[in-house]
Amino acid sequence: MTTKQSGTYFPAGVVEEFLPRIGRVVEIKDHQLAVFLASDGTIFAADNHTPHPKGGPLAEGIVSGHYLYDPLYDWKIDLTTGLVQAPDNGQVQMYPVKVENGQVWIEI
């Protein structure tokens, strides 16, 4: 694990383990995260829980650009901010991600 001033980064796997536009569940400490590899190579990590009142997982969603389409409610979520796009509203907790030597690290 690598320590950073604002938090601690934990290994989440190697880049090749993440399929483009498809979520993967990663558990770090007591957090279940949904990790997504966008078509441009950017990796995003979010809580694996939709902000929709009825709840549900996010890892089964589909990524288009830097947006995630919630698998149950079709909410559009900006993966750079975690904000749900209008006409819906809400926010998903996002986590900083870095890649070093092919290893994906997520800050908790």
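Take Ala38 and decide whether it is touching a strand residue (DSSP E or B) at 6+ places or on another chain (Cβ under 9 Å), surrounded by 14 or more Cβ atoms within 10 Å (Cβ to Cβ) and within 13 Å of Ala12 (Cβ to Cβ). Explain how you work it out, then say what you get.
Numbers: touching a strand residue (DSSP E or B) at 6+ places or on another chain (Cβ under 9 Å): yes; surrounded by 14 or more Cβ atoms within 10 Å (Cβ to Cβ): yes; within 13 Å of Ala12 (Cβ to Cβ): no.
The answer is no for Ala38.
Among Glu27, Glu16, which is the only one that is assigned to a helix (DSSP H, G or I) and either among the acidic types (Asp, Glu) or on the phi < 0 side of the Ramachandran plot (or both)? Full working, then the answer.
Details: Glu27 fails: assigned to a helix (DSSP H, G or I).
Being assigned to a helix (DSSP H, G or I) and either among the acidic types (Asp, Glu) or on the phi < 0 side of the Ramachandran plot (or both) holds for just one of Glu27, Glu16, which is Glu16.
Pull up segment 23-35, narrow it to residues that are more than 16 Å from Thr80 (Cα to Cα) and of a type in the set (Val, Ile, Thr), then point me to the one that is most open to solvent (accessible area, probe 1.4 Å).
Residues of segment 23-35 that are more than 16 Å from Thr80 (Cα to Cα), as a first pass: 24-32.
Then keep just the ones that are of a type in the set (Val, Ile, Thr); that gives 25-26, 28.
Details: Val25: 69, Val26: 12, Ile28: 8 Å².
It comes out as Val25.
Select from segment 20-63 the residues that are at pLDDT 95 or above and among the polar types (S, T, N, Q) and write down the one among them that is farthest from Glu100 (Cα to Cα).
Asn48
Quick check on my filter: what residues within segment 12-31 are under 17 Å from Leu72 (Cα atoms) and without any contact (Cβ under 8 Å) to a residue 40 or more places away in the chain?
Filtering segment 12-31 for residues under 17 Å from Leu72 (Cα atoms) gives 21-25.
Answer for segment 12-31, where residues must be under 17 Å from Leu72 (Cα atoms) and without any contact (Cβ under 8 Å) to a residue 40 or more places away in the chain: Arg24, Val25.
How many residues, within segment 66-80, are among the aliphatic types (A, V, I, L, M) and open to solvent by 60 Å² or more (accessible area, probe 1.4 Å)?
Within segment 66-80, the first condition is being among the aliphatic types (A, V, I, L, M), and the residues that meet it are 68, 72, 77, 79.
Next, from what is left, pick out any that are open to solvent by 60 Å² or more (accessible area, probe 1.4 Å): 72.
Qualifying residue count, segment 66-80: 1.
Looking only at residues that are open to solvent by 20 Å² or more (accessible area, probe 1.4 Å) and hydroxyl-bearing (Ser, Thr, Tyr) in segment 3-19, which one is modelled with the highest pLDDT? Spell out the reasoning first.
Initial filter on segment 3-19 (open to solvent by 20 Å² or more (accessible area, probe 1.4 Å)): 3-6, 8, 10-11, 14-17, 19.
Adding the requirement that they be hydroxyl-bearing (Ser, Thr, Tyr) leaves 3, 6, 8.
Details: Thr3: 41, Ser6: 67, Thr8: 93.
Result: Thr8.
For the subset of segment 81-103 comprising residues that are open to solvent by 60 Å² or more (accessible area, probe 1.4 Å) and of a type in the set (A, V, I, L, M, F, W, C), which member is nearest to the chain's Cα centre (by Cα)?
My answer is Leu83.
The values are calculated or read from the model by the stated rules, or taken from the named source; none is laboratory data. All values reported here derive from a predicted model rather than from experimental measurement. Positions of Cβ are generated from backbone atoms using ideal geometry, with glycine treated the same way; all protein chains shown enter the neighbour counts. Heads up: the accessible areas ignore ligands, DNA and RNA and are worked out on the full protein's heavy atoms, side chains in. Shrake-Rupley method; radii C 1.70, N 1.55, O 1.52, S 1.80 Å.
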